[in-house]
Amino acid sequence: MRTAIVTGAGAGIGRETARLLARTGYRVVVADIDASAAQAVADEITAAAGRAHSYRLDVANEAQWDACAEWVRGEFGPAQVLINNAGIMNTGGFAETSAAQWQRTIDVDLMSVIYGSRVFARQMIDAGMEGHIVNLSSAAAFFPAKYIPAYAAAKAAVLLASQALRVELRPKGIGVTAICPGAIRTDLIAHGERAGLDDDRQAAWRADAGRIQGLAFAGPDKVARVIERAIHRNTAVVPVNPEAWIGYGLFRLSPGLVRAVGSIGSFDLADRLLPGIQLLLNRIMK
């Protein structure tokens, strides 16, 4: 049985990806920093006659990645698939985002991909086996918006790192894919921070912004299906949703136009629009 590791699998895209891979015959390691969430997903999969094992993993910790790889190899043999999905999304302007917030975003959104890809690519290479690594980038990687510079920078680095890794691993029969979702119904914003707000305003921002993200047309199951197809087709870069494809194409054709569009949005505009959107949501939810 083939083994797949999915990070951030306790919820959202990771959860749906783990469930789908289990249905298609993989033994899934459900990895998440929230051990109880990981166990709940693993239990859900096994209750549906799948094979799954939970594993608590702080993806920003290189030593924990090394321990995870050793555990996987000892329990099941070398893994065939790695899905680097775990991530955070903090918002705020370039200057107002603290150095600590920048570092945390880079550690979770970029370095985790590097740690995981290195250790599991080496495992595949040492075993002389074919495999696949899927890294979750984002449509933000080609959209330089002024309210998510840390997130966009980290995801752009994931996109390019994935391409470099793909070139290196291709002769060894190991595929690498970068997935670039647009707006997806997850709790990414609700679990993030907005720079410059106190605790009370932070909680209100998370609640309002999270509810708006919850209106996104596509759900995490769509991204899971894209990931599963990318493994079979060994696709290099896959935007998800029309806005992601449009952004990807525009960035390649006219980076200046994309920068102009990115300069339109701002937190001042969002703060002005949120009350009206909130009122509309309250009417819809009644």
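Numbers at a glance
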| item | result |
| --- | --- |
| For the range 7-23, 3J(HN,Hα) per residue [Karplus equation, 6.51 cos²θ - 1.76 cosθ + 1.60, θ = phi - 60°, Hz, x = Gly/Pro] | 8, x, 8, x, 6, x, 4, x, 4, 5, 5, 4, 5, 5, 4, 5, 5 |
| Those residues of the range 34-56 whose amide nitrogen sits under 13 Å from the label point placed on residue 67, 7 Å along Cα→Cβ | 55-56 |
| Amide proton proximity set for residue 131, modelled H, under 5 Å, gap of 5+ | 174, 175 |
| Summed side-chain charge close to residue 235 - residues other than residue 235 whose Cβ falls under 12 Å, Lys, Arg +1, Asp, Glu -1 | +2 |
| Listed peptides 93-104, 72-83, 244-255 by packing density, highest first (mean Cβ within 10 Å) | 72-83, 244-255, 93-104 |
| Approximate shape of the range 34-168 as ellipsoid semi-axes (Cα gyration tensor, √5λ), whole Å, largest first | 29, 19, 13 |
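Bear in mind these aren't lab numbers, they're just calculated from the coordinates by the rules spelled out. This is a predicted model, so every value here is computed, not measured. No Cβ is skipped: glycine too gets one built from the backbone with ideal geometry, and neighbour counts run over all protein chains shown.
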